[in-house]
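Asker: Quick one: the structure is below, and I'll ask about it shortly.
Only the coordinates and a few stated rules stand behind these numbers; no lab work does. Here the structure is a predicted model, which is why all the values come from computation and not from measurement. Methodologically, a virtual Cβ is constructed for each residue, glycine included, from the backbone with ideal geometry; neighbour enumeration extends over all protein chains shown.
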Amino acid sequence: MEPKKKILFTYSTLSTFVKTDFEILSEKHVVTRYQFKPVKGLINTALQFGKQFIFLLFGIWKFDMVFIWFADFHSFLPVLFAKILNKKSVVVIGGYDVVKMPKLNYGVFTSKIRGYCSLFSMRKSTLNLAVSENVKRKVRWIAKKSNTILIYNCINIPENKSLPENKENLILTVGIIDSKRTFYLKGMDTFTEVAGLLPQFRFMVVGMNKDLPSCILRHIPENIEFIERVNHNELENYYKKARVYCQFSRSESFGVAIVEAMYFNCIPVVTNVGGMPELVRNYGFVTPRDALEISRLIANVMNKTAMLLTDTDKNIALKPFLFSERKQKLTEQINQLF
């Protein structure tokens with residue numbers, strides 16, 4: 001048996017998908033976590049850089065590889081040290097790291113410094129792992145000579161989960177919406193406008209700060225309900241009730257909630273943005289951002305009593321986005337690097 005490799009696992013926020021990769025790598029290797037804490041202000045960021053530099057200066061020799069989620073401030077030094085010391089470096093490109101949306105102040109490339117750190121990381125890493133085909137195309141356009149491959153992000157839901165037999169006339173969307181920026185980024189203005197055009201159906205947003213809509217919208221339709229952020233078990237109950245799941249984001253590299261909703265037999269309707277069309281191909285609907293056109297589409301879908309695909313077809317559609325698939329492909333790539 002080959003000795004376990006030592007991997008430095010670097011991240012800024014330990015979100016669900018970041019934790020998933022940590023668990024996958026930890027099965028066969030010795031993995032040490034390092035958090036570059038997300039902070040505001042130049043001085044606080046400089047302090048995080050200083051702490052990371054000292055850690056790497058005295059500790060990088062212990063590791064065979066650095067594995068980093070997202071290309072940003074926190075990826076620059078690990079990739080640089082790995083390059084100097086001829087160690088392997090892997091950067092997962094999650095989408096935010098290849099985006100520039102100045103109007104919403106979103107994406108690393110809205111900042112010259114963060115953009116430089118991201119670009120350096122993508123160019124100098126041993127391997128970039130893009131979470132969707134859309135992200136892979138962007139990386140290859142931004143950093144043309146980089147070594148970039150596609151491994152889809154995934155959902156991690158036990159196979160024995162009970163699935164709904166009956167659906168309610170409910171249209172659902174999910175997202176962490178806690179500011180005016182995330183409100184527009186997640187397309188809540190479009191979702192609310194569509195709700196106003198379809199008063200005969202119930203609309204629901206899960207993950208919304210309840211005070212936010214009244215601060216942004218002049219009129220809120222009576223048929224839309226805003227639910228604060230809930231735990232995953234509660235979220236599954238909403239998926240089980242909803243007939244249609246909508247995602248009208250203005251930037252979305254993957255969309256875990258879309259795949260989760262599909263798993264629970266929701267019919268997905270998404271805007272033609274980012275990686276979302278890749279997820280719903282052969283299963284749901286892709287539409288331009290036009291509220292009237294979307295409302296007609298949803299009304300048509302809601303009036304259909306049968307699901308679009310059989311369980312077998314759905315399983316085929318979801319296979320690329322399951323935990324087992326990411327685990328297999330990620331493990332294969334890491335093994336090939338050593």
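Asker: Rounding to the nearest 20 debye, state how big the charge dipole of the stretch 140-207 is about its Cα centre with +1 on each Lys and Arg Cβ and -1 on each Asp and Glu Cβ. Present the calculation step by step, with values, prior to reporting the outcome.
Answerer: Numbers: 9 positive and 6 negative charges, 107 e Å.
Magnitude of the dipole: close to 520 debye.
Asker: Relative to the longest principal axis of the chain, what angle (0 to 90°, nearest 10) does the C-alpha long axis of helix 232-241 take?
Answerer: Approximately 30 degrees, to the nearest 10.
Asker: Could you work out how far apart the two model spin labels at Gln35 and Asn272 are, taking each label as a point 7 Å from the Cα in the direction of the beta carbon, and quote it in nm?
Answerer: 4.2 nm
Asker: Below 22 Å Cα-Cα, how many Lys pairs turn up in the stretch 170-321? Only count pairs eight or more apart in sequence, or on different chains, if you could.
Answerer: Final tally of qualifying lysine pairs is 11.
Asker: Can I ask one more? Please list, in order, the residues from the stretch 269-304 whose amide nitrogen is less than 19 Å from a point placed 7 Å along the Cα→Cβ vector of Ile316.
Answerer: Backbone N within reach: 278-285.
Asker: Taking 7 Å along the Cα-to-C-beta vector as the label spot, tell me the Leu42-His232 distance in nanometres, rounded to one decimal.
Answerer: A separation of 4.1 nm, rounded to one decimal place.
Asker: Further, regarding this structure: Which one, Ser12, Leu185, Gly255, projects farthest toward the positive side of the charge dipole computed for the chain from Cβ point charges (K/R +1, D/E -1)?
Answerer: Of Ser12, Leu185, Gly255, it is Ser12.
Asker: Provide the per-residue ³J(HN,Hα) series for the stretch 13-28, in order, calculated from phi with Karplus coefficients 6.51, -1.76, 1.60 and θ = phi - 60°, each as a whole number of Hz, with x at glycine and proline positions.
Answerer: 10, 8, 6, 4, 6, 5, 4, 4, 5, 4, 5, 4, 5, 6, 5, 10
Asker: For Lys138, go through the aspartates and glutamates and keep the ones whose alpha-carbon is under 12 Å away, minus same-chain ones fewer than eight residues off.
Answerer: Candidates past the 8-residue exclusion: Asp97.
Asker: Follow-up. Would you grab the residues whose amide H sits under 5 Å from the one on Ile68? Only those 5+ places off in sequence or on another chain, please, with H modelled 1.01 Å from N.
Answerer: Amide H neighbours of Ile68, under 5 Å, 5+ apart: Thr10, Val90, Val91, Val92.
Asker: Which aspartates and glutamates have a Cα lying under 19 Å from the Cα of Lys329, excluding residues fewer than 8 positions away in the same chain?
Answerer: Asp21, Glu23, Glu27, Glu133, Glu278
Asker: Follow-up question, since we're still on this one. Treat each spin label as a single point 7 Å out from the Cα along the C-beta direction, and report the Glu168 to Arg296 distance in nm.
Answerer: 3.0 nm
Asker: Oh, and also: Which one, Val206, Pro102, Gly275, is farthest towards the positive end of the dipole of the chain when Lys and Arg carry +1 and Asp and Glu -1 on their Cβ?
Answerer: Most positive-ward Cα: Pro102.
Asker: On C-alpha positions alone, give me the angle between the axis of helix 42-59 and the longest principal axis of the chain, in degrees, nearest 10.
Answerer: So the inclination is approximately 50 degrees.
Asker: Just want to confirm a number: the relative contact order over the chain, from Cα pairs under 8 angstrom separated by 6+ residues, in percent.
Answerer: Relative CO of the chain lands at 13 percent.
Asker: As a check on your grasp of the helix formula, calculate [θ] at 222 nm for the chain: sum -39500 (n - 2.57) over DSSP H runs of n ≥ 4, divide by the residue count, round to the nearest 500.
Answerer: That comes out to -12500 deg cm²/dmol.
Asker: Post the alpha-carbon centroid distance, the stretch 260-307 to the stretch 192-232, in whole angstrom.
Answerer: Distance between centres, Cα-based: 18 Å.
Asker: While we're on this one: So if I place +1 on the C-beta of Lys and Arg and -1 on the C-beta of Asp and Glu, and nothing else carries charge, what would the dipole magnitude of the stretch 170-321 be about its Cα centre? I want it in debye, nearest 20.
Answerer: Once rounded to the nearest 20, the dipole reads 120 debye.
Asker: Using θ = phi - 60° and the Karplus form 6.51 cos²θ - 1.76 cosθ + 1.60, what ³J(HN,Hα) does each residue of the stretch 247-262 get, whole Hz, x for Gly and Pro?
Answerer: After applying 6.51 cos²θ - 1.76 cosθ + 1.60, I find 9, 10, 4, 8, 8, 7, 6, 9, x, 4, 4, 4, 5, 4, 5, 4 Hz.
Asker: Which length gain, in nm to one decimal place, applies between Ser111 and Ser26 when the Cα-Cα distance is subtracted from 0.36 nm times their residue separation?
Answerer: Computed gain between Ser111 and Ser26 is 27.2 nm.
Asker: Within the chain, what is the longest stretch that has no GluC sites (Glu not before Pro) placed in a DSSP loop and near at most 15 other beta-carbon atoms within 10 Å?
Answerer: 28-158
Asker: Okay, next question. Checking the table Lys100/Lys124; Lys40/Lys144; Lys4/Lys144; Lys6/Lys136 against a 24 Å threshold on Cα-Cα, which pairs fail?
Answerer: Beyond 24 Å between Cα atoms: Lys40/Lys144; Lys4/Lys144; Lys6/Lys136.
Asker: I've got another one for you. In debye to the nearest 20, how big a dipole does the chain give about its Cα centre with +1 on each Lys and Arg Cβ and -1 on each Asp and Glu Cβ? Walk me through the intermediate numbers first.
Answerer: Details: 47 positive and 29 negative charges, 318 e Å.
With Lys and Arg at +1 and Asp and Glu at -1, about 1520 debye.
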